[in-house]
Amino acid sequence: MQLPNKFALWLGVAVVLMVGAFWLRQAVISTPPPGPSAQENTIETPSRLTTERRQSTERPPAPELLPQGFVGSETCGTCHRDRFESYQETDHSRSLRRVDDVDLNTDVKVAHDLSNRLFEVYQKNSQTWHKQTLLPAPTDRDPKKPERRLEAGDYPIEFVMGSGHFAQAFLLRDQGFLLQSPLAFYTAPQAYEMSPGYDVPHHLGMTRVIDDDCLFCHVGSLKKSSDPFRPVINELSIGCERCHGPGSTHVAHYQTQKSSDASVHLADDPIKNPTNLSRNAQESICAQCHLQGDEVVDASDRTIWDYRPGDDLADYRRIYEFSSQEPNSEEVFVGHFGQLWQSKCYLGSDALTCITCHDPHHTPKPTELDALRKQQCLQCHTDDACSVPHEVRIRDEQDRCVACHMPAITSEVVHSATTNHRIGIHRQDATQDASTATGEQREHVDDPSVRRIAPPESDGEERDSTTRSDLLANSLRLLNDLTSQGKSERMAELDSLLASLSRYAAEHVDDSSIHVVLAQLAYQKLLFVDMTQDETATTWELARSYATKALANASISRRDQLRAWEVLAAWNFDSGNIANAKTYYQRLTTGRRSASDFYNLGLCLGKQQDFLGAEMAFRQAVHVNNEYPLPYRSLSILYRQTNPELSRMMVDIAEFLTHRVNH
């Protein structure tokens, strides 16, 4: 975030010493060429986009770049060819592809009235690009005057995310970072429209960075790296080892066996057959991606990338959802676990799980699906047990069990529907036990609006880890609410969490995540509470000390390290230690893609009278987020004496952006 007004100091009159010219290519308000007005809600719909599998140009990943013990799916396919080729026809095998392996339509324009933006898909230098242009608020449009526009992002596509069964998203590349495009292509209408979460008046535009957490459910593996914000992809799509485990030991053993000795099995083979695992272990494999909530908390000593098939996912990650309502999840695209866990079929069985009905190696043909689903139901039920007469079932639903007991429901992904996995009699009782989840599936924490989706714990060590994850989940939710909404009335909740976390931190001095969250909560308190000078000093010292303790841990994660630097940068700036603040902001700008980091760095450089450095920092802030008005205002001050015309242009852009948000 940018430094708050009561901590940030503007550059003084010394900026008149600034010399040099500046060309702000992406930030020039321009008049569109003659033609149809972009304010019209017109969508140029392309012809059909190819979603069929094409021969990939991707080479197998180099062994030295793979995670320890992994060999890549191509290696698995040398022996298990039938399974490998069958898997290539599934959606999972197309979870991420290079843009060159997908046929995309270009010369497309999409006007989004809700956010007053125009998006373009076009070709340049043999690449497909997405471009975003900001349009004025409707109240500022005058048909008698030229319409002002502001280009706010223009990047090439590098990856296509999604199989195309429902939709395809696009990942853009800029300066080593992957960004999500606000545009997606939807299969049902065969059209480009807004990505999920972007069909709103205010959205992230082209600023959302895709990190290793975002990629976890779409790639096979990443290069060994400590930088979560610049992930290097080795195996593109979800592959064999994500569900079966690392294969190097398995491959080495069987490659050294003579064909006549192939039956000599490897003891403690790390390769897992999910059908031989417990139900919890089976579900953990699928839950890596298909169990999602509002907040996730990783264990203190591992991340989700450390998970291996056969392990309990709860030992690596706890998943929470925030709601004042009882769990239902019927409108959540990835809420199948929450639905299934409420089903009487699930609660009455010790074997029913995802792979009871879903074969991850094979996609049935549409003509085979009804018969297959009925056969699966009849593994436990009998045909004559259904209370609906057979002739009525045939007449109304072609005798399809799932039509009544697992009907299609809408999801938050537009133009798509998914199956309700709360198996029940939906037509006769639409409210059937929407809250019948037992303690084995969902457990409430202290705040009734925060629910953990995880099995209950029994021994002391697990209870301790549960306390930790509960505290962090509540804290992360509050931090998110405060930074996005600024609810000062929630300070009592903040103080309560500070007290609870402080007690926990006293007994867990090496838990950097706890210390970082404590530092962030103390910093947020400074932003939203009016305090005396002594109270302010005490709270700043609390934030500083916890951030420093977190950084003293040699095993601190990169994310926690950046969060601690952010607090220390703000503390140093407020304390007048501009040189130290500058150092921390320089570290932040090399570690993540944040316009406010560059803006705050520019403030530090300006106070040191390094006006050329300040200009470069403000320019980079504009590049990272063209919709951020503060760096434009600072640039206008820099140019006030040396280039009055450019200074006025910067003011004009800042006012244009501010007015768009306010209207």
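The numbered conditions (1) surrounded by fewer than 20 Cβ atoms within 10 Å (Cβ to Cβ); (2) under 23 Å from the mean Cα position of the chain (by Cα); (3) of a type outside the set (D, E, K, R) are all true for TRP565 except (1).
Please enumerate the residues belonging to region 654-663 that are assigned to a helix (DSSP H, G or I) and open to solvent by 50 Å² or more (accessible area, probe 1.4 Å). Show your work before the answer.
Going through region 654-663, the residues assigned to a helix (DSSP H, G or I) turn out to be 654-662.
Selection gives GLU655, HIS659, VAL661, ASN662.
Among the residues of region 142-153, none qualifies, meaning not one is in contact with a His (Cβ under 9 Å, 6 or more places away or on another chain), of a type outside the set (D, E, K, R), open to solvent by 20 Å² or more (accessible area, probe 1.4 Å) and assigned to a loop (DSSP other than H, G, I, E, B). Annotation: ALA287 fulfils all but one of (1) at pLDDT 90 or above; (2) in contact with a Ser or Thr (Cβ under 7 Å, 6 or more places away or on another chain); (3) more than 23 Å from LEU66 (Cβ to Cβ); the unmet one is (2).
The residue pairs whose first member lies in region 303-317 and is over 17 Å from ILE238 (Cα atoms), whose second member is of a type in the set (Phe, Trp, Tyr) and buried (at least 19 other Cβ atoms within 10 Å of the Cβ), and whose beta carbons are closer than 6 Å, counting only pairs six or more residues apart or on different chains, are TYR316/TYR307.
Considering each residue of region 527-545 in turn, none proves to be surrounded by fewer than 24 Cβ atoms within 10 Å (Cβ to Cβ), over 25 Å from VAL297 (Cα atoms), touching a His at 6+ places or on another chain (Cβ under 9 Å) and modelled with pLDDT of 95 or more.
Pull up region 546-555, narrow it to residues that are within 26 Å of the chain's Cα centre (by Cα) and modelled with pLDDT of 95 or more, then point me to the one that is surrounded by the most Cβ atoms within 10 Å (Cβ to Cβ).
Out of the qualifying residues, it is ALA547.
Is it true that SER221 is of a type outside the set (D, E, K, R), in contact (Cβ under 8 Å) with a residue 60 or more places away in the chain and within 25 Å of TYR155 (Cα to Cα)? When the stated conditions are applied, SER221 passes them.
Output the qualifying pairs, or none if there are none: Cβ atoms under 8 angstrom, residues six or more apart or on different chains, first residue in region 499-518 and free of Cβ contacts under 8 Å to residues at least 12 places away in the same chain and open to solvent by less than 30 Å² (accessible area, probe 1.4 Å), second residue of a type in the set (Ser, Thr, Tyr) and assigned to a helix (DSSP H, G or I). The qualifying pairs do not exist here. Taking each residue of region 191-214 that is touching a residue at least 12 places away in the same chain (Cβ under 8 Å) and farther than 23 Å from SER237 by Cβ and looking for partners that are of a type in the set (Val, Ile, Thr) and open to solvent by 40 Å² or more (accessible area, probe 1.4 Å) with beta-carbon atoms closer than 9 Å, six or more apart or interchain, yields ALA191/ILE43; ALA191/THR45; GLU193/ILE43; GLU193/VAL414; MET194/VAL200; MET194/VAL414; ASP199/VAL414; HIS202/VAL661. Among residues of region 452-469 being part of a helix (DSSP H, G or I) and open to solvent by 30 Å² or more (accessible area, probe 1.4 Å), the one that is modelled with the lowest pLDDT is GLY460.
Please state which one of GLY205, GLY239 is among the small types (Gly, Ala, Ser) and more than 29 Å from ASP481 (Cβ to Cβ). Explain how you work it out, then say what you get.
On the way: GLY205 fails: more than 29 Å from ASP481 (Cβ to Cβ).
Result: GLY239 is the single residue among GLY205, GLY239 that is among the small types (Gly, Ala, Ser) and more than 29 Å from ASP481 (Cβ to Cβ).
Scanning region 252-281 for residues that are modelled with pLDDT of 90 or more, within 21 Å of GLY69 (Cα to Cα) and open to solvent by 30 Å² or more (accessible area, probe 1.4 Å) yields ILE271, LYS272, ASN273, LEU277. Helices (runs of 4 or more DSSP H) fully within region 594-653 that include at least 3 residues being surrounded by fewer than 23 Cβ atoms within 10 Å (Cβ to Cβ) and not aliphatic (A, V, I, L, M): 611-624, 629-638. When PHE216, PHE229 are screened for being open to solvent by 10 Å² or more (accessible area, probe 1.4 Å), aromatic (Phe, Trp, Tyr) and within 16 Å of the chain's Cα centre (by Cα), only PHE229 passes. Restricting to region 333-362, what's the tally of residues that are at pLDDT below 90 and open to solvent by 60 Å² or more (accessible area, probe 1.4 Å)? Residues meeting the conditions: 5. Number of residues in region 74-94 that are in a helix (DSSP H, G or I) and either at pLDDT 95 or above or over 25 Å from the mean Cα position of the chain (by Cα) (or both) equals 11.
Okay, residues lined up against (1) hydroxyl-bearing (Ser, Thr, Tyr); (2) more than 28 Å from ILE556 (Cβ to Cβ):
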| position | (1), (2) |
| --- | --- |
| TYR198 | yes, yes |
| HIS202 | no, yes |
| THR207 | yes, no |
| HIS218 | no, no |
| LYS224 | no, no |
| ILE238 | no, yes |
| CYS286 | no, yes |
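Can you pull out the residues in region 116-141 that are within 20 Å of ALA654 (Cβ to Cβ) and surrounded by 19 or more Cβ atoms within 10 Å (Cβ to Cβ)? Within region 116-141, ASN116, ARG117, GLN132, THR133, LEU134, LEU135, PRO136 meet the criteria.
Just to be sure, is ARG81 open to solvent by 80 Å² or more (accessible area, probe 1.4 Å) and in contact with a helix residue (DSSP H, G or I) (Cβ under 9 Å, 6 or more places away or on another chain)? Quick ask: steps written out before the conclusion?
Values: open to solvent by 80 Å² or more (accessible area, probe 1.4 Å): yes; in contact with a helix residue (DSSP H, G or I) (Cβ under 9 Å, 6 or more places away or on another chain): no.
No, not satisfied.
The values are calculated or read from the model by the stated rules, or taken from the named source; none is laboratory data. Predicted model, so just to flag it, every value in this text is computed and none were measured. Cβ: placed from backbone, ideal geometry, glycine included. Neighbour counts: every protein chain shown. With ligands, DNA and RNA removed, areas are computed over all heavy atoms of the protein, side chains included. Shrake-Rupley method; radii C 1.70, N 1.55, O 1.52, S 1.80 Å.
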